[in-house]
Amino acid sequence: MSLVRNVGTIGGLTALSRVFGFVRDMLVARILGAGMAADAFQLAFVLPNTFRRLFAEGAFSVAFVPMYTRTLAGEGGEDAADKFASDVLAVFVWVLLGFSAVAMLVMPGIVWLLASEFREIPGKFELAVTLSRITFPYLGLVSLVAMLSGLLNAHSKFAPGAFVPVLLNVVLITGIVTGYVLRETGGTDVTVAYVQAIAVAAAGVAQLLYMAWATRKAGVRLKITRPHITPDVKRLAMLILPATFGAGVYQISQFVDTFFATSLAQGSLTLLKYADRLNQMPLGIVGIALGTAILPMLSRHIQTGDAREAQRLQTNAVEMAALLTLPAAAALAICAPAFVTAFFVGGKMTTANGAIMADIVVALVAGLPSYVLVKVFQPAFFSREDTRTPVWVSAGALIVNIAVNIVVVPRFGIVGLAAATAFTSTLNVLTLYAILQYRGWFHFTARLGGRIIRQLVSTAAMSAVLLWLMPLMANRYGGNVIEKIWSLGALCGAGLVVFFGMAYVTGALDKDLLAQLRRRKKAS
């Protein structure tokens, strides 16, 4: 199965999840706005999700998948791989239970570290603590989901793991609608926040049940046994520890951003998270798809010593990342006011909030190509079981991020915080590439450089058209549903036609990749 086909499968299902997530955030924004209950829920949602991305989908996956893939391809085959996975599961379950229990006990301290300013508003700190305790079990549930997803990815079955986030968003949409109904019959915004927190935990149960079914259907047989630290489990643990930091600089920076955001005016944290939803649309679809698909494939090439195929795979991944993120970043930056007004402004979300949110989007998407390229470069280290190098790179980037925030946040507020994230993410990816080049593990070719230059020319042409169109429909973005649909449709349609038309004319589109896409369509 080719990289293009894998990315298409994962990206398509991730896009479906992002659409549901977008609907979820639109509803939450209009129903809760950017007030006390919204801030408290956002913090409660950030905690388990950031730990999930950091440990489960980050450190655990990048350490576990290469080891499981090698075991699966070894002499023992599926039996040895299943035993290794069962040994890991037996230990992993108890680690998750212990970590979750301790975190819930010390939750007041965790919330105080991240959002001590919440104490200045009566009831806000206590609400954040309670909601966080309700949502935190989601971490343990979804971590097991991430492990099962990694197993299936190693078997080249990417669809279940890519589909499972849809369940989260469906359950949360049900929760926000239920909370709204309860508020209209005598409840408050706090009622809505409580229902949403309960929905987060319920979504974790639904996701785990689905992945357990998908794993069994795929023929993977796992057993829950007594915990036993085997040599392979011990080696996995030694890889996870540094990978926790190396794979999760973006997630760790979320904690840093949360800390600084909660020190600003009420609603700043909520506006940052809503703005990040727009940023996450292309980041999630492209970045997660590429990172998920490339790791097991690259691990197989490294295992067989095929350096040429490893270089080709990474080159294709970089080219695809640039092809999709360069125009996405430019379009989001130019059209941010239109998207924010159409999707988020209304109900309890004011026009003033929307203007701030649009500025945050512009700052965030400046780093969009870097956010995605990190997902492409890091597997080059992880597939060689080098989790230490990304640790030091990430540590340096995080220190710079904190230093920049200290300078810019007091002056530029929440927008400065978003810009600092984009800057340090770019610094992180440039450093990773420099190390890969130095070690001879990956290098830019003249062909790749020429392709990216053509993509930039196509992006510039698209940007010019969008800058011309934006003011022509300024009164339509906040109009009725029909006006919103046709005005945003005109922007998106014009952008797509101009970019891909120019990309075809200039040669920014790789004809070999197009041929693979055509073969995929015929096969389906």
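The values are calculated or read from the model by the stated rules, or taken from the named source; none is laboratory data. From a predicted model like this one, the values you see are computed outputs, not experimental measurements. Cβ placement follows ideal geometry from the backbone for every residue including glycine, while neighbour counts extend to all protein chains displayed.
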So which helices (runs of 4 or more DSSP H) are wholly in segment 196-307 and hold at least 1 residues that are at pLDDT 75 or above?
231-246, 249-261, 268-282
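Looking only at segment 343-352, count every residue that is surrounded by 22 or more Cβ atoms within 10 Å (Cβ to Cβ) and either over 23 Å from the mean Cα position of the chain (by Cα) or more than 13 Å from residue 478 (Cβ to Cβ) (or both) and tell me the total. Can you show your working first?
So in segment 343-352, the residues surrounded by 22 or more Cβ atoms within 10 Å (Cβ to Cβ) come out as 343-344, 349.
Filter again for either over 23 Å from the mean Cα position of the chain (by Cα) or more than 13 Å from residue 478 (Cβ to Cβ) (or both), leaving 349.
The number of residues fulfilling the criteria is 1.
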Could you check residue 7 against (1) at pLDDT below 70; (2) under 24 Å from residue 203 (Cα atoms); (3) crowded, with 24+ Cβ neighbours inside 10 Å and say which number it fails?
(2)
Where the second residue is among the polar types (S, T, N, Q) and surrounded by fewer than 18 Cβ atoms within 10 Å (Cβ to Cβ) and the first is more than 14 Å from residue 158 (Cβ to Cβ) and lies in segment 211-227, which pairs have Cβ atoms under 7 Å and are six or more apart or on separate chains?
222/86; 223/86; 225/86
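Does residue 364 satisfy being assigned by TED's automatic domain parsing to the domain that holds residue 338, modelled with pLDDT of 90 or more and in a helix (DSSP H, G or I)? Please lay out each step first, then the result.
Numbers: assigned by TED's automatic domain parsing to the domain that holds residue 338: yes; modelled with pLDDT of 90 or more: yes; in a helix (DSSP H, G or I): yes.
Judged against the criteria, residue 364 is a match.
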Out of everything in segment 104-147 that is of a type in the set (A, V, I, L, M) and under 23 Å from residue 238 (Cβ atoms), what residue ends up being surrounded by the most Cβ atoms within 10 Å (Cβ to Cβ)?
147
Evaluate segment 373-385: report whether one residue or more is without any contact (Cβ under 8 Å) to a residue 60 or more places away in the chain, surrounded by fewer than 24 Cβ atoms within 10 Å (Cβ to Cβ) and either in the same structural domain as residue 236 (by TED's automatic domain parsing) or of a type in the set (Asp, Glu) (or both).
no
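So, of the residues in segment 367-398 that are outside any helix (DSSP H, G or I) and at pLDDT below 85, which turns out to be nearest to residue 254 (Cα to Cα)? Full working, then the answer.
Of the residues in segment 367-398, the ones outside any helix (DSSP H, G or I) are 367, 383-387.
Filter again for at pLDDT below 85, leaving 383-387.
On the way: 383: 26, 384: 27, 385: 26, 386: 24, 387: 21 Å.
Restricting to residues being outside any helix (DSSP H, G or I) and at pLDDT below 85, the top hit is 387.
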Taking segment 431-459 and keeping only residues that are part of a helix (DSSP H, G or I), touching a residue at least 12 places away in the same chain (Cβ under 8 Å) and among the hydrophobic types (A, V, I, L, M, F, W, C), one is left with 432, 435, 436, 448, 452, 456, 457
Take the residues in segment 81-95 that are closer than 12 Å to residue 221 by Cβ and of a type outside the set (Asp, Glu); name whichever of them is surrounded by the fewest Cβ atoms within 10 Å (Cβ to Cβ).
86
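Confirm whether residue 181 is modelled with pLDDT of 90 or more, assigned to a helix (DSSP H, G or I) and surrounded by fewer than 21 Cβ atoms within 10 Å (Cβ to Cβ). Even if it seems obvious, please write down each step before you answer.
Numbers: modelled with pLDDT of 90 or more: yes; assigned to a helix (DSSP H, G or I): yes; surrounded by fewer than 21 Cβ atoms within 10 Å (Cβ to Cβ): yes.
Considered against the rule, which asks whether it is modelled with pLDDT of 90 or more, assigned to a helix (DSSP H, G or I) and surrounded by fewer than 21 Cβ atoms within 10 Å (Cβ to Cβ), residue 181 comes out as yes.
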